[in-house]
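Chemist: One structure is given below, represented as structure tokens, and several questions about it will come after.
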Amino acid sequence: MKIKIKKLLAFAKEFLIPVLLFCFSFYFRFEYIQTYAIAGDESFSAYVAQFSVTDIIHFLLQGNNPPLYEVFLHFWIKLFGIDQISLRIPSVIFSSLVPVAVYFLGKKINLFIAISAALLTLLSNVNIFFGQEGRVYSFLELLSVLAIYFLYSFFETKRTKFLYLLTITNIFLLYAHYLSGFIILVQIAGALLFLRQNMWEKGLFIKLFLSFLVSFIAFLPLLFNFIDLAGNYGTWLAPPDNWKDYWRVIQLFLNNQVVLFYIFFILLGIVLLQVVDLKGEISLWFWLVLGASFLAYTLNYVVSFKYPVWGEKYTLWSTPFFFLLFAYLVNMMFSSLHLRVVAMMFIVYLINKNFDNKISNGRHLDEWVNAYSLEKGKVDAAYIVPYYLNISFAYHYDKSIFKSVSSNLKTIKNYDSVVNLLLKKENIYPIHELYEIDTSNKRIIFMGNFSDFKDEGKQQLDYLSTIYSIDTTYSFWEKMRIYVMSKK
């Protein structure tokens, strides 16, 4: 009987719990996958993924994005098409696997930490939101957890197979997003701590050195491009104004529960005072998780003052480590398992209280395009501002236009030329400047996202208002507007 119970427990730990975590995660992320429209960077990734693999790489190397996810999406689209579910389901799967990976990393210490951290990840609104978005960030998050898992597994067992898996994962990380540099810095710091604990054993040093060296060599084709971008072009993001956003995003990780925010930092302060006395593998696990969460997150923020790489999606990769750290802090604070469980039940209750798996992306592009379709037969021409909304507009307006890509992509400047040509045949003109508007038209539509324009958008609208009167206005969330205008 005891043997059967042990087998059942082992089955639950190794198979049943991970499967349940995946199934619940998948359900929460998939349930409202079609509620909000494909928009912004999602449509950009989907459009670029339709290029040839060579053109994807050539094109993305001229911007801020490594090409791995779009290359993957290229083959995915060939199999499953470009409808909303098809484009988002990879992110749903990757995001649903994150709590499973968190569980196995937490289980390196004990089952309490494993289940607790996995539940917090599963119920995290920010994880669900980006798990419903057809972009690279959930994939990056999963790879980050796997990398730390493989590294720590090597520390535990000293088995070379985990270094092979780590090396492959790190190469994927580097080709998925440049932000992966933060997680690799954490790995290097952890490796140095591990080697110090093992008296700088020559064999271990060589294995770890070769693993990081191979990853670095594999990254060389992107390295000089990355240096050039960072040195000469930077990013399109604005640097942080102050440290308020630093604290705001951590609260966001905790589903905006202010109480949990203070509990987390109080526990962290108490444990940090004690942890200096810890020795062995648990201490190393703690430093890895602390580094991948709080320290790497802080470094990301500090770097953003010079090279802006800050925002919820750019810090998503760190969220699982915050939850692992939170579970570890609770585990350290209470010697009794019953007290740990009660404390974690309270934390999960607060997280679940603000749980929401139907968070709007704020970009109702489908409604915007539908409103245009109601008016298009009544006007001579339509103008889209800002210019880069052309791809998202085409996706919802006519999939055949969206699927039309250049077969001879030479420069970054003409990647969307075929879409623009086909839109112009419909008298739809994405514009950069006012002079591109033909004011000889008697009736026009002026439409776009005016939150992105600031003063420029107001100037354009003010200028057109001297020539045209506004007959009808359609307003949508995030200042998406359609102005139907007639000549005065």
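The values are calculated or read from the model by the stated rules, or taken from the named source; none is laboratory data. Just so we're clear, the structure is a prediction, and the values are computed from it rather than from any experiment. Using ideal geometry, Cβ is built from the backbone for each residue, glycine included, and neighbour counts are taken over all protein chains shown. For the accessible areas, the whole protein counts, side chains as well, though only heavy atoms, and no ligand, DNA or RNA atoms are used. Shrake-Rupley method; radii C 1.70, N 1.55, O 1.52, S 1.80 Å.
Chemist: Among the listed residues 444, 384, which satisfies the condition of being on the phi < 0 side of the Ramachandran plot, at pLDDT below 90, open to solvent by less than 10 Å² (accessible area, probe 1.4 Å) and in contact with a helix residue (DSSP H, G or I) (Cβ under 9 Å, 6 or more places away or on another chain)?
Modeler: 384
Chemist: Could you check segment 109-139 and list, in sequence order, the residues that are of a type in the set (D, E, K, R) and touching a Leu at 6+ places or on another chain (Cβ under 6 Å)? Walk me through how you get there before you give the answer.
Modeler: As a first pass, look at segment 109-139 and keep what is of a type in the set (D, E, K, R): 133, 135.
Passing the criteria: none in range.
Chemist: Residues in segment 466-488 that are of a type outside the set (A, V, I, L, M, F, W, C), farther than 26 Å from residue 40 by Cβ and free of Cβ contacts under 8 Å to residues at least 40 places away in the same chain: how many?
Modeler: Of the residues in segment 466-488, 5 are of a type outside the set (A, V, I, L, M, F, W, C), farther than 26 Å from residue 40 by Cβ and free of Cβ contacts under 8 Å to residues at least 40 places away in the same chain.
Chemist: So, one more: Could you identify the single residue in 347, 351, 391 that is open to solvent by less than 40 Å² (accessible area, probe 1.4 Å), within 18 Å of residue 421 (Cα to Cα) and among the hydrophobic types (A, V, I, L, M, F, W, C)?
Modeler: On the way: 347 fails: within 18 Å of residue 421 (Cα to Cα); 351 fails: within 18 Å of residue 421 (Cα to Cα).
Sole residue among the options that is open to solvent by less than 40 Å² (accessible area, probe 1.4 Å), within 18 Å of residue 421 (Cα to Cα) and among the hydrophobic types (A, V, I, L, M, F, W, C): 391.
Chemist: For segment 18-62, enumerate the residues that are at pLDDT below 85, assigned to a loop (DSSP other than H, G, I, E, B) and open to solvent by less than 20 Å² (accessible area, probe 1.4 Å).
Modeler: 39
Chemist: If I ask for residues that are more than 29 Å from the chain's Cα centre (by Cα) and open to solvent by 60 Å² or more (accessible area, probe 1.4 Å), which ones from segment 413-441 would you list?
Modeler: 421, 424, 425, 426, 427, 429, 433, 435, 436, 438, 440
Chemist: On to the next question. Pairs, please: C-beta under 6 Å, at least 6 apart or cross-chain, first residue over 16 Å from residue 317 (Cα atoms) and in segment 101-122, second surrounded by 24 or more Cβ atoms within 10 Å (Cβ to Cβ) and of a type in the set (Phe, Trp, Tyr)?
Modeler: Hits for this filter: 113/328; 114/103.
Chemist: Something else: Run residue 358 past the list (1) farther than 20 Å from residue 249 by Cβ; (2) surrounded by fewer than 21 Cβ atoms within 10 Å (Cβ to Cβ); (3) out of contact with any Ser or Thr (no Cβ under 8 Å at 6 or more places or on another chain); (4) modelled with pLDDT under 90 and report the number of the one that doesn't hold.
Modeler: (3)
Chemist: Do we have any residue at all in segment 261-276 that's modelled with pLDDT of 90 or more, within 30 Å of residue 358 (Cβ to Cβ) and either surrounded by fewer than 15 Cβ atoms within 10 Å (Cβ to Cβ) or under 23 Å from the mean Cα position of the chain (by Cα) (or both)? Even if it seems obvious, please write down each step before you answer.
Modeler: The first filter runs over segment 261-276 and keeps only residues modelled with pLDDT of 90 or more, leaving none.
There is no residue in segment 261-276 that is modelled with pLDDT of 90 or more, within 30 Å of residue 358 (Cβ to Cβ) and either surrounded by fewer than 15 Cβ atoms within 10 Å (Cβ to Cβ) or under 23 Å from the mean Cα position of the chain (by Cα) (or both).
Chemist: Are there any pairs with C-beta distances below 6 angstrom linking a residue in segment 72-100 that is in contact (Cβ under 8 Å) with a residue 24 or more places away in the chain and open to solvent by less than 20 Å² (accessible area, probe 1.4 Å) to a residue that is in a helix (DSSP H, G or I) and acidic (Asp, Glu), with the two at least 6 apart or on different chains, and if so which?
Modeler: Note: pairs meeting the criteria are 98/141.
Chemist: Right, residue 340: at pLDDT below 90, buried (at least 19 other Cβ atoms within 10 Å of the Cβ) and not hydroxyl-bearing (Ser, Thr, Tyr) or not?
Modeler: Judged against the criteria, residue 340 is not a match.
Chemist: Of these, 182, 155, which one is closer than 22 Å to residue 107 by Cβ and either in a loop (DSSP other than H, G, I, E, B) or of a type in the set (Phe, Trp, Tyr) (or both)?
Modeler: 155
Chemist: Could you give me the residue pairs with C-beta distances under 6 Å whose first residue belongs to segment 366-392 and is free of Cβ contacts under 8 Å to residues at least 40 places away in the same chain, whose second residue is open to solvent by less than 70 Å² (accessible area, probe 1.4 Å) wherever it lies, and which are 6+ apart or on separate chains?
Modeler: 369/396; 369/397
Chemist: Right, something else. In this structure, is residue 72 farther than 18 Å from residue 20 by Cβ, modelled with pLDDT under 95 and of a type in the set (A, V, I, L, M, F, W, C)? Break it down into steps so the answer makes sense when it comes.
Modeler: Working: farther than 18 Å from residue 20 by Cβ: yes; modelled with pLDDT under 95: no; of a type in the set (A, V, I, L, M, F, W, C): yes.
Spelling it out, it is not the case that residue 72 is farther than 18 Å from residue 20 by Cβ, modelled with pLDDT under 95 and of a type in the set (A, V, I, L, M, F, W, C).
Chemist: Go over the candidates 126, 145, 136 one by one and state the one that is under 30 Å from residue 352 (Cα atoms) and either surrounded by fewer than 19 Cβ atoms within 10 Å (Cβ to Cβ) or touching a Pro at 6+ places or on another chain (Cβ under 8 Å) (or both).
Modeler: After applying the criteria, what remains is 145.
Chemist: Taking segment 206-237 as the search range and keeping residues that are of a type in the set (A, V, I, L, M) and at pLDDT below 75, which one is least open to solvent (accessible area, probe 1.4 Å)?
Modeler: Taking segment 206-237 as the starting set, the residues that turn out to be of a type in the set (A, V, I, L, M) are 206, 208, 210, 213-214, 217-218, 220, 222-223, 227, 229-230, 237.
Still in the list and also at pLDDT below 75: 227, 229-230, 237.
Details: 227: 95, 229: 16, 230: 31, 237: 34 Å².
Among those residues, the one meeting the criterion is 229.
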